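Structure first, commentary second.
The values are calculated or read from the model by the stated rules, or taken from the named source; none is laboratory data. This one's a predicted model, so the numbers in the text were calculated from it and none came from an experiment. Using ideal geometry, Cβ is built from the backbone for each residue, glycine included, and neighbour counts are taken over all protein chains shown.
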């Protein structure tokens, strides 16, 4: 069922951000609003010229634009990294279209893993990884829609199937960031413990 991963994980994330996230963090309200906007906009489909798209595409595009503008991350490297993710996403969909036999298991998980891995390789901080992933996947959706339009195949941009892929990839990034934070905390506490024991011995 399309949208199952998206609605399940997005609502969990919204509940956690709204009720459990540290209220002193300035990005808390922004993330909660964006998640709620994406959830509400996902099923709404619009038509523009020859293309169909879900309203969630506009929510994602607006979020990426505002974040890159406010955080000054609109550099050439950010453009190149999102371009690489876009090409990988579109290439997967093209290969799947022409030869679906090589898609060995759930396509949503495969595409999410590809986006997660590329974002991890191309950026070091969590914020840049998320933005490049969002921008690359959305641009890939638009490019694939344009390609299919030339062959008169209808394809709705940012469908619920796409949102499944996107939320899975973001969940992978979130899990990885949590693991990194735990490891840094543990290594810091271990270092402090070793330094304390050395001071006692001296």
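More than 23 Å from residue 161 (Cα to Cα), crowded, with 19+ Cβ neighbours inside 10 Å and touching a residue at least 60 places away in the same chain (Cβ under 8 Å): is that true of residue 141 in this structure? So residue 141 fails the test. The single condition among (1) more than 23 Å from residue 164 (Cβ to Cβ); (2) modelled with pLDDT under 90 that residue 98 does not satisfy is (1). Does residue 8 count as closer than 17 Å to residue 171 by Cα and loosely packed, with under 14 Cβ neighbours inside 10 Å? So residue 8 fits the description; yes. For the residues 50, 89, the requirement of being closer than 26 Å to residue 151 by Cβ, touching a helix residue (DSSP H, G or I) at 6+ places or on another chain (Cβ under 9 Å) and crowded, with 16+ Cβ neighbours inside 10 Å singles out 89. Residues in region 55-104 that are within 20 Å of residue 130 (Cβ to Cβ) and not in a helix (DSSP H, G or I): 72, 73, 74, 75.
Pairs linking a residue in region 43-62 that is on the phi > 0 side of the Ramachandran plot and in contact (Cβ under 8 Å) with a residue 40 or more places away in the chain to a residue that is buried (at least 17 other Cβ atoms within 10 Å of the Cβ) and in a loop (DSSP other than H, G, I, E, B), with Cβ atoms under 6 Å and 6 or more positions apart or on different chains, do not occur.
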